[in-house]
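The values are calculated or read from the model by the stated rules, or taken from the named source; none is laboratory data. Here the structure is a predicted model, which means the values were calculated and not measured. All Cβ positions, glycine included, derive from the backbone under ideal geometry; neighbour counts span all protein chains shown. Note: accessible area is taken over every heavy atom of the protein model, side chains too, but ligands, DNA and RNA are not part of it. Shrake-Rupley method; radii C 1.70, N 1.55, O 1.52, S 1.80 Å.
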Amino acid sequence: MEEIFPPKGKLIAYVDGSYNEALSKYAFGCVLLTPEGEVIERNGSGSNGDSLAIRNVAGEMLGAMYAARYACVKGYHDLEIRYDYEGIEKWVTGAWKAKKELTQKYAAYMRSRQRYISITFTKVRAHSGDTYNDRADALAKEGLTRPDGIPEV
């Protein structure tokens, strides 16, 4: 497994989302890499009707929001979110217009976190052998089998 740990004060988060139409559920996976060398794995899921309409994107957004909350609560100064779906970054930066209510809420939440921490984004290729991105994908799929909910920080 590739070892990439951030400098002191910075958290790296790999996020991914999943969706299962038969279960009417979306989920996220999040792998957090700490400066202390910890690899923390989290996932969560939901079945909110409005969120179901945007399928796995709902999970992608939840993963990024979970990472931002985790970084704030745990006192990190910097958060780098590594993602494979462009909207995760582009809605926050304004490169894409957030047209739907849920994407607007996502962008507003992430921007509100930027008052407390610096958030940067790095695009990674999906299913390309990136160890932590693949693990975030697997965690998102596992999240589909769990009861609805987001883990506490």
| remark: Candidates A71, A126, A136; GNM for the chain (alpha-carbon contacts under 10 Å) flags as most fluctuating A126
| E152 versus L52, label points 7 Å from Cα toward the beta carbon: distance in nm? | 2.9 nm
| request: Place +1 on the Cβ of every Lys and Arg and -1 on the Cβ of every Asp and Glu in the chain, take the dipole about the Cα centre, and give the residue among L139, A68, A13 whose Cα lies farthest towards its positive end. | output: A68
| MRE, 222 nm, helices only [DSSP H, n ≥ 4, -39500 (n - 2.57), over the chain, to nearest 500] | -11000 deg cm²/dmol
| From the C-alpha gyration tensor of region 84-136, square roots of 5λ in Å | 23, 14, 9
| remark: Note to self: with every protein chain in place and a 1.4 Å probe, the chain gives an accessible area per residue in Å² of 49 Å²
| In a GNM of the chain with a 10 Å cut-off on Cα contacts, which of K99, K123, K25 has the highest mean-square fluctuation? | K99
| said: If you average the C-alpha positions of region 86-153 and of region 27-80 separately, how far apart do those two centres end up, in angstrom? | reply: 6 Å
| request: Send over the Kirkwood Rh of the chain, from the inverse of the averaged 1/r over different Cα pairs, rounded to one decimal Å. | output: 15.1 Å
| Which is farthest toward the positive dipole end of the chain among T120, A107, A58, measuring Cα position about the Cα centre, with Cβ charges +1 (Lys, Arg) and -1 (Asp, Glu)? | A107
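Pop the C-beta distance of K74 and L102 into the FRET formula with R0 = 25 Å and round what comes out to the nearest 0.05.
Calculated value: 0.45.
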| message | Whole-Hz ³J(HN,Hα) for each residue in region 100-105, computed from phi via Karplus 6.51 cos²θ - 1.76 cosθ + 1.60 with θ = phi - 60°, x for glycine and proline: what do you get? | response | 8, 4, 5, 6, 5, 5
| query | In nm, what is the difference between 0.36 nm times the number of residues separating A95 and K8 and their Cα-Cα distance? | reply | 28.3 nm
| So which of K10/K74; K25/K141; K8/K90; K90/K123 end up more than 19 Å apart, counting from Cα to Cα? | K8/K90
| query | So how far apart, in nm, are the two label points at Y116 and E21 if each is 7 Å from Cα heading toward Cβ? | reply | 3.9 nm
| message | Going 7 Å from the Cα of E41 along its beta-carbon direction, which residues of region 119-144 have the amide nitrogen within less than 17 Å of the resulting point? | response | 127, 129-144
